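The values are calculated or read from the model by the stated rules, or taken from the named source; none is laboratory data. Worth saying up front: this structure is predicted, and the values here are computed from it rather than measured. Methodologically, a virtual Cβ is constructed for each residue, glycine included, from the backbone with ideal geometry; neighbour enumeration extends over all protein chains shown. Heavy atoms of the whole protein, side chains included, go into the accessibility calculation; ligands, DNA and RNA do not. Shrake-Rupley method; radii C 1.70, N 1.55, O 1.52, S 1.80 Å.
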Amino acid sequence: MSRTALITGGARGIGWGIAQALLADGFHVTVTGLTAGEVAAVPARPNVTATVLDVTDDAQVAALAGGFSRLDALVNCAGMILRDGQEFTIAGFQKVIDVNLTGAMRLCVAARPLLAQSRGAIVNIASVWSFFGGPLTPAYTASKGGVAQLTKALAVAWAPDIRVNALAPGWVETELTRGAQDDAARSQAIVGRTPMGRWGRPDDIGGAAAFLCSDAARFITGTILPVDGGYSAK
């Protein structure tokens with residue numbers, strides 16, 4: 001029977017890079033996007049299902065999880081960031097936390113029964129900001145620090161049945177980082193700070209996620225794996 005993976009936020013960016021890696025490993029992949037437009041833009045490929053999901057909506061999460069008969073891997077990649085000081089407002093802070101951190105927990109809880117049956121894997125998407133302070137994005141930074149700690153807590157709690165790990169991407173070429181990519185001085189500073197001397201690509205994250213979802217990682221749980229070209233080592 002084909003293995004099945006659910007990737008929230010998988011309609012584009014890092015999530016789509018992970019989807020392609022899992023497809024190459026033989027998974028049937030369901031990817032989600034926040035809007036119908038995002039879902040419609042997913043390339044038509046065999047073994048790919050795309051659907052709309054708001055990870056802050058309990059009913060939507062429950063309905064999606066309830067539609068699977070089998071689930072071998074869950075990748076929590078849905079995320080957001082607010083600019084221009086919006087994360088310093090309580091409303092903005094709560095919104096980002098609800099998507100990035102509570103949203104991941106919603107999916108983990110909803111998918112747990114099926115993942116336990118298959119002895120499957122969860123991969124949460126943390127960030128280098130799980131380790132550093134982001135002075136312009138307190139909510140994003142707090143949420144990603146929380147994702148790292150949530151990963152460890154669930155890994156310990158669910159170890160008999162489910163492996164729970166996280167990836168901590170560095171600076172990756174996605175729409176979320178478009179502003180930094182287009183700012184020549186900032187982009188140069190990022191590349192200069194990254195020992196491997198380049199921006200990451202979504203497929204760089206995909207390979208690491210595929211490993212953590214595979215049997216090759218069968219004795220790995222509770223790990224936060226930086227995929228950042230050495231950024232966090234410097």
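Would you please give the residues with an amide H less than 5 Å from that of residue 4, counting only those at least 5 places away or on a separate chain, with H modeled from the backbone geometry?
28, 72, 73
For 105, 196, 80, what's the largest-to-smallest order of accessible area, 1.4 Å probe?
Result, largest first: 196, 105, 80.
Going from the alpha-carbon gyration tensor of the stretch 106-148, what semi-axes, largest first and in whole Å, does one get by taking the root of 5 times each eigenvalue?
So the equivalent ellipsoid measures 29, 10, 5 Å along its semi-axes.
May I ask you to give the percent of accessible area on the stretch 75-234 that is carbon plus sulfur, with a probe radius of 1.4 Å?
That fraction is 59 percent.
In Å, what is the Rg of the alpha-carbon atoms in the stretch 154-234, and how long is Dmax?
Both quantities, over Cα of the stretch 154-234: 15.2, 48 Å.
What whole-number value in Å² describes the accessible area per residue of the stretch 102-216 for a 1.4 Å probe?
In whole numbers, the stretch 102-216 has 43 Å² accessible per residue.
About the Cα centre of the chain, how large is the charge dipole given +1 on each Lys and Arg Cβ and -1 on each Asp and Glu Cβ? Please answer in debye to the nearest 20.
The dipole magnitude comes to about 440 debye.
For the stretch 110-234, with the dipole built from +1 on Lys and Arg beta-carbon atoms and -1 on Asp and Glu ones, taken about the Cα centre, which of 131, 202, 191 lies farthest toward the positive end?
So the residue furthest toward the plus end is 131.
At a 1.4 Å probe radius, which order do 173, 38 fall into by accessible area, largest first?
So, going from the largest accessible area down, we get 173, 38.
What are the equivalent ellipsoid semi-axes of the stretch 1-127, built from the alpha-carbon gyration tensor (square roots of five times its eigenvalues), in whole angstrom, biggest first?
25, 17, 12
Can you list the equivalent-ellipsoid semi-axes of the stretch 98-186, largest first and in whole Å, using the square root of 5 times each Cα gyration tensor eigenvalue?
For the stretch 98-186, the semi-axes come out at 29, 13, 11 Å.
Tally the DSSP beta bridges in the chain and give the antiparallel ones as a percent, rounded to 5.
Roughly 0 percent of the DSSP beta bridges within the chain come out antiparallel.
Calculate the translational D of the chain in whole µm² s⁻¹ from Stokes-Einstein, where the hydrodynamic radius comes from the Kirkwood formula applied to all Cα pairs, the temperature is 37 °C and the viscosity 0.692 mPa s.
Estimated via Stokes-Einstein, D reaches 186 µm²/s.
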